[in-house]
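A.B. asks: My questions will all concern the structure given below.
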C-alpha cells in the first residue's frame, strides 16, 4: 500500500513533512527574533512595538505548534533542536536590534522568507491533494501578506 492512513501518497507526504520541517525551523528563528525585539526595542515607538512584537510572537508560537502537529499527521517527526533550526533557517537572525525601523524591517524580511517557503509547500500540497497542509499554508500566506502591507505602511 503506497498511501498513508489519511489516504495520501507516502512519498509525497514524506516530502511535504521535510518541507514543513524547513518551515518549522524558519518559524522558530522568526519566533526567537520576535522575543528579542519585544525585549530590546527602544525609542519613541517602544510602547506600540513592544505590544505588537508580543502579538506576533504569540501568533508564531501557535503556528509553530500547528506546523509540528501537521508534520506528525503526515507521519513525520518535527525537528526540535536549535542545531536543526539554525542549519535550515533562511530567516535572518536579528541580534541586539533596538531601533524601531530596523526591527520592523527585520520582521518584514523574515515574513518575506516565510512566504517563499509557504508558497513552495502550497504548490506541493496542492499537487499531493493534501488539503490539510494546503489550507494551512493558504491561511498563513493571506495573514502574512496583510501583515507585510501594514508594516510597510508603518515604515513609510
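A.B. asks: Give me the percent relative contact order of the chain, please, defined on Cα pairs under 8 angstrom at least 6 residues apart. Display every interim value, and only then the final one.
C.D. replies: Numbers: 178 pairs, mean separation 46.0, N = 156.
Computed value for the chain: 30 percent relative contact order.
A.B. asks: Summing -39500 (n - 2.57) over the DSSP H runs of n ≥ 4 in the chain and dividing by its residue number, what mean residue ellipticity at 222 nm do you reach, to the nearest 500 deg cm²/dmol? Present the calculation step by step, with values, prior to reporting the outcome.
C.D. replies: On the way: 5 runs with 119 residues, N = 156.
Helix-only estimate at 222 nm: -27000 deg cm²/dmol.
A.B. asks: Under a crude label model (7 Å from the Cα following the beta-carbon direction), how far is residue 143 from residue 65 in nanometres?
C.D. replies: Those two pseudo-labels are separated by 1.2 nm.
A.B. asks: Can you sort 39, 154 by how many other beta carbons sit within 10 Å, fewest first? Display every interim value, and only then the final one.
C.D. replies: On the way: 39 11, 154 15.
Arranged by neighbour count, lowest to highest, 39, 154 become 39, 154.
A.B. asks: If one computes the Cα centroid of region 11-51 and of region 58-133, what distance in Å separates the two points?
C.D. replies: Between the Cα centres of region 11-51 and region 58-133 lies a distance of 7 Å.
A.B. asks: List the extent of the Cα atoms of the chain along each of their three principal axes, largest first, rounded to whole Å.
C.D. replies: 61, 30, 20
A.B. asks: So for the pair residue 96, residue 10, with labels modelled 7 Å out along Cα→Cβ, what separation do we get in nm?
C.D. replies: 5.2 nm
A.B. asks: Suppose each label sits 7 Å from its Cα in the direction of the beta carbon; what would the residue 135-residue 46 distance come out to in nanometres?
C.D. replies: 4.4 nm
A.B. asks: Subtract the Cα-Cα distance of residue 87 and residue 54 from 0.36 nm times their separation in residues, and report this length gain in nm to one decimal. Write out the running numbers ahead of the final one.
C.D. replies: On the way: separation 33, 0.36 × 33 = 11.88 nm, distance 2.57 nm.
That works out to 9.3 nm of additional length.
A.B. asks: With a bin width of 10 angstrom, please list the P(r) values of region 110-156 as percents of all Cα-Cα pairs, from the 0 bin to the one holding the largest distance.
C.D. replies: Binned Cα distances yield the sequence 28, 46, 20, 6, 0.
A.B. asks: Expressed in nm², what is the orientationally averaged projection area of the convex hull enclosing the Cα positions of region 42-111?
C.D. replies: Working: hull surface 21.4 nm².
One quarter of the hull surface, i.e. the mean projection, equals 5.4 nm².
Where a number appears in this text, it was derived from the coordinates with a stated rule and is not lab data. Since we're looking at a predicted model, the values are computed, not measured. Virtual Cβ from ideal backbone geometry, glycine too; neighbours counted across all protein chains shown.
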